[in-house]
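Since the structure comes first, as structure tokens, the remarks are kept for the end.
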Amino acid sequence: MIEVKSISKTYGKHRAVNSASFTVDQGEVVGLLGPNGAGKTTTLNMITGVLVPDNGDIIIDGRSMKSVTSAMKKNIGYLAEDNPLYSNLLVSESLRLAADLKGMTTSQYFAQESKVIEATNIKEIYNQPIESLSKGFRQRVGLAQALLGDPKILILDEPTDGLDPNQRQEIRNLIGTLSKDHTILLSSHILQEVEAICQKVVIMNRGQVVAQGNLNEIAQQPTSQITIECKLEGDNKSEIVSTIQNRFSVEVTSKDSLIIRTTPDKENDLFKMLAEKTSVQAYLTELHKQTTNLEEAFRMLTKES
């Protein structure tokens, strides 16, 4: 549904996005991650047609954004990071305004009104002014606006930013429900949120895509970290520890226990060394492997920031 092909965007001397490429397949919920200033919002603005890339192309449902039309934009529902709403309008007026801006006729609006209200659970506040709403309900109204016109794609920029834990969970549940009928690309700085609702992750750093894939694939990046905890017994324990320390990061936590840290590309070398060194005069009594989670992988992939 979305194919981003080597797009770049420069503001003056600052390159906000640098040859970024990734895909979002139909029906997927994909999380766009990155530290502040990584280029996430600029990328989303180019996908929605708000900004034009300096280089590269974006393919939406098989059509290039270089020849973007209003019909193409109708396939995209967008919830911006700051969720701009007119505080003096009622919720009902705000939705009708969004429908008018999208070019919907009165009959088209009324045909979708009940469906959108039900999908975002805003019936109880439908006739209240925007200024009286909590941040959580404002986000729901923004999502309702994005859903008008029944777009195939939803682009959500920090949809749970500023919400309390209960409100975040409500929006997560809502996104999970919407994913049954929509392809969703969302940005977030809350990694647990992405782990909970996304099938795939794209990580940006300094304007570039540094990793993409499902959570297991992200954890197996060459720069990811694997932690091996083991216990040794035998006469030549100290000799084995000394040999391993020459090639790997080793922490001796007690007389018999070690914590060894390595990367996926060197994991087999470590196990081979342990097997060889513990075959004579020493042996392993315990061995535990801890793989990198999304938070650790994210930190390692963006640590220079």
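The values are calculated or read from the model by the stated rules, or taken from the named source; none is laboratory data. These figures come from a predicted structure and were not determined experimentally. Cβ atoms come from the backbone with ideal geometry, glycine included; neighbour counts cover every protein chain shown.
What are the residues in the stretch 92-118 that are basic (Lys, Arg), assigned to a helix (DSSP H, G or I) and either over 15 Å from Pro151 (Cα atoms) or in contact (Cβ under 8 Å) with a residue 40 or more places away in the chain (or both), if any? Once the filter is applied, which keeps residues that are basic (Lys, Arg), assigned to a helix (DSSP H, G or I) and either over 15 Å from Pro151 (Cα atoms) or in contact (Cβ under 8 Å) with a residue 40 or more places away in the chain (or both), the stretch 92-118 yields only Arg96.
Pairing each residue of the stretch 119-146 that is surrounded by fewer than 20 Cβ atoms within 10 Å (Cβ to Cβ) with any residue that is outside any helix (DSSP H, G or I) and small (Gly, Ala, Ser), provided the two are 6+ apart or on different chains, yields C-beta distances under 7 Å for Ile130/Ser87; Glu131/Ser87; Lys135/Gly162.
For Lys231, the conditions (1) modelled with pLDDT of 80 or more; (2) surrounded by fewer than 17 Cβ atoms within 10 Å (Cβ to Cβ); (3) among the charged types (D, E, K, R) are fulfilled apart from (2). Within the stretch 167-197, the set of residues being farther than 20 Å from Phe137 by Cβ and in a strand (DSSP E or B) comprises Thr183, Ile184, Leu185, Ser187. Cβ-Cβ distances below 8 Å connect the following pairs, each with a first residue in the stretch 168-194 that is under 20 Å from Met204 (Cα atoms), a second residue that is of a type in the set (Lys, Arg) and at pLDDT below 90, and a separation of six or more residues or different chains: Ile190/Arg168; Glu193/Arg168; Glu193/Arg172.
So which residues in the stretch 74-84 are assigned to a loop (DSSP other than H, G, I, E, B) and touching a residue at least 60 places away in the same chain (Cβ under 8 Å), if there are any at all? Walk me through how you get there before you give the answer.
So in the stretch 74-84, the residues assigned to a loop (DSSP other than H, G, I, E, B) come out as 74-75, 80-84.
Within the stretch 74-84, Lys74, Asn75, Ala80, Glu81 qualify.
Applying a threshold of 7 Å to beta carbon distances and a minimum spacing of six or more residues, or different chains, the list of pairs starting in the stretch 9-26 at a residue that is within 18 Å of Gln199 (Cα to Cα) and touching a residue at least 12 places away in the same chain (Cβ under 8 Å) and ending at one that is not hydroxyl-bearing (Ser, Thr, Tyr) and not in a strand (DSSP E or B) reads Val24/Met1; Asp25/Met1; Gln26/Met1. Comparison of Asp150, Asp161 shows that the only residue that is acidic (Asp, Glu) and under 20 Å from Ala71 (Cα atoms) is Asp150.
One line per residue, one yes/no per condition, for (1) at pLDDT below 95; (2) within 15 Å of Leu156 (Cα to Cα); (3) among the polar types (S, T, N, Q); (4) loosely packed, with under 11 Cβ neighbours inside 10 Å:
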residue	(1), (2), (3), (4)
Lys66	yes, no, no, no
Met72	yes, no, no, no
Ile76	yes, yes, no, no
Glu81	yes, yes, no, no
Pro84	yes, yes, no, yes
Ser87	yes, no, yes, no
Ser92	no, no, yes, no
Arg96	no, no, no, no
Lys102	yes, no, no, no
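Quick check on my filter: what residues within the stretch 261-278 are buried (at least 16 other Cβ atoms within 10 Å of the Cβ) and either within 14 Å of Asn246 (Cβ to Cβ) or touching a helix residue (DSSP H, G or I) at 6+ places or on another chain (Cβ under 9 Å) (or both)?
Matches in the stretch 261-278: Thr262, Pro264, Leu270, Met273, Leu274, Lys277, Thr278.
Only strands (runs of 3 or more DSSP E) whose full extent lies in the stretch 1-62 are considered here, and the ones with at least 1 residues that are in contact with a strand residue (DSSP E or B) (Cβ under 6 Å, 6 or more places away or on another chain) and basic (Lys, Arg) are 2-11.
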